[in-house]
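Visitor: Below are the structure tokens for one structure; questions will follow.
No lab work stands behind these numbers, since they all come straight from the coordinates. Here the structure is a predicted model, which means the values were calculated and not measured. Because the Cβ atoms are built from the backbone with ideal geometry, glycine has one as well, and the counts that use them run over all protein chains shown.
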Amino acid sequence: MSETYADSHLRDILTRTRRIAVVGVSVNPVRPSYYVARYLGLKGFEVVPVNPGHAGEVLFGQRVVARLSDIEGDVDMVDIFRRSEHVPAIVEEALDCLPGLRTIWMQIGVEHEGAAAMARARGVDVVMNRCPKIEYQRLFGELRMGGFNTGVISSKL
């Protein structure tokens, strides 16, 4: 059963977040992890690409790192583009090496209650089975032209 999140909670997370590590980002521009990371970068977030298969390459103007522990400086959010069974190890590493971490965000289709409980026990917010790109667009009024129901009634074309 998927969790529900108040719009105000998601808006607060996206407003306070500045630096996002995207775990499992692809260098292939047709993959969702690529265009979500690219979009977040275009919206002013600093995106740190994490993918051991592409470590050392440059993506969105940032050097790809192999693992979270390779990141210099702190990160506000870890966005996970990996299958659910990989989540606990990612969350453990994030909690160990990112002392300022405020949010673990698991992409659509990615959920792990045990890992979520571990992060929450350390005071870290957790969002599962959601996409920050979609939520950003929905909450900040960018989905109207895409045909999504934003809950905003407007006569504008």
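Visitor: Along the charge dipole of the chain, Cβ charges K/R +1 and D/E -1, which of V78, G41, A55 sits furthest on the positive end?
Guide: With unit charges placed on the Cβ atoms, the residue in question is G41.
Visitor: In whole Hz and in residue order, list the ³J(HN,Hα) couplings for segment 10-23 that follow from phi through the Karplus curve 6.51 cos²θ - 1.76 cosθ + 1.60, θ = phi - 60°; x for Gly and Pro.
Guide: Values, residue by residue: 5, 5, 4, 4, 5, 6, 7, 6, 10, 10, 10, 8, 9, 8 Hz.
Visitor: Bin all alpha-carbon pair distances of segment 15-72 at 5 Å intervals from 0 and give each bin's fraction as a whole percent.
Guide: The percentages, shortest bin first, are 4, 22, 34, 25, 12, 3, 0.
Visitor: Show me the GluC sites (Glu not before Pro) within segment 2-97 that DSSP assigns to loop and that have at most 14 other Cβ atoms within 10 Å of their Cβ.
Guide: E3, E57, E72
Visitor: Moving on to the next point. Placing +1 on the Cβ of each Lys and Arg and -1 on the Cβ of each Asp and Glu in the chain, which of I134, W105, V87 has its Cα farthest towards the positive end of the resulting dipole?
Guide: Selected residue: I134.
Visitor: Still on this structure, please answer the following. Please find the FRET efficiency linking V58 to R11, where r is the Cβ-Cβ separation and R0 is fixed at 25 Å, and quote it to the nearest 0.05.
Guide: So, using R0 = 25 Å, E works out to roughly 0.20.
Visitor: While we're looking at this one, here's another question. With charges only on Cβ, +1 for K and R and -1 for D and E, what is the dipole size of the chain about its Cα centre, in debye, rounded to 20?
Guide: For the chain, the charge dipole is close to 620 debye.
Visitor: For segment 46-62, in order, what is each residue's ³J(HN,Hα) by Karplus, 6.51 cos²θ - 1.76 cosθ + 1.60 with θ = phi - 60°, in whole Hz (x at glycine and Pro)?
Guide: For segment 46-62, the Karplus curve yields 8, 9, 9, x, 10, 6, x, x, 10, 4, x, 6, 10, 9, 6, x, 10 Hz.
Visitor: Which value in deg cm²/dmol, rounded to the nearest 500, describes the helix-derived mean residue ellipticity at 222 nm for the chain, given -39,500 (n - 2.57) per DSSP H run of n ≥ 4 and division by the residue count?
Guide: One gets -9000 deg cm²/dmol as the mean residue ellipticity at 222 nm.
Visitor: Using Cα centres only, tell me the gap between segment 102-127 and segment 1-75 in whole Å.
Guide: For segment 102-127 versus segment 1-75, the Cα centre distance is 15 Å.
Visitor: Can you give the extra length, in nm with one decimal, that the chain gains between R120 and K43 once fully stretched, where that is 0.36 nm per residue apart less the Cα-Cα distance?
Guide: 25.0 nm
Visitor: Amide H to amide H under 5 Å from V127: which residues, 5+ apart in sequence or cross-chain, H placed 1.01 Å off N in plane?
Guide: I104, W105, M106
Visitor: Between R19 and H86, what length comes free when the chain is fully extended (0.36 nm per residue of separation minus the Cα-Cα distance, one decimal in nm)?
Guide: Computed gain between R19 and H86 is 21.9 nm.
Visitor: For segment 6-97, which trypsin sites (Lys or Arg not before Pro) are in a loop by DSSP, counting at most 13 other Cβ atoms within 10 Å?
Guide: Here the trypsin sites (Lys or Arg not before Pro) that fit, given the DSSP loop and packing criteria, are R18, R83.
Visitor: Multiplying the sequence separation of S69 and Y35 by 0.36 nm and subtracting their Cα-Cα distance, what value in nm do you get?
Guide: My answer for the length gained is 9.9 nm.
Visitor: Same structure, new question: Please give the helix 32-42 orientation as an angle from the longest Cα principal axis of the chain, in degrees from 0 to 90, rounded to the nearest 10.
Guide: Once rounded, one gets 80 degrees.
Visitor: Output the relative contact order of the chain, whole-number percent, from Cα pairs under 8 angstrom with separation of 6+ residues. Working shown, then result.
Guide: Working: 255 pairs, mean separation 30.2, N = 157.
For the chain, the relative contact order is 19 percent.
Visitor: Test of understanding: express the Cα radius of gyration of segment 7-141 as a ratio to 2.2 N^0.38 Å, with N the residue count.
Guide: That ratio works out to 0.94.
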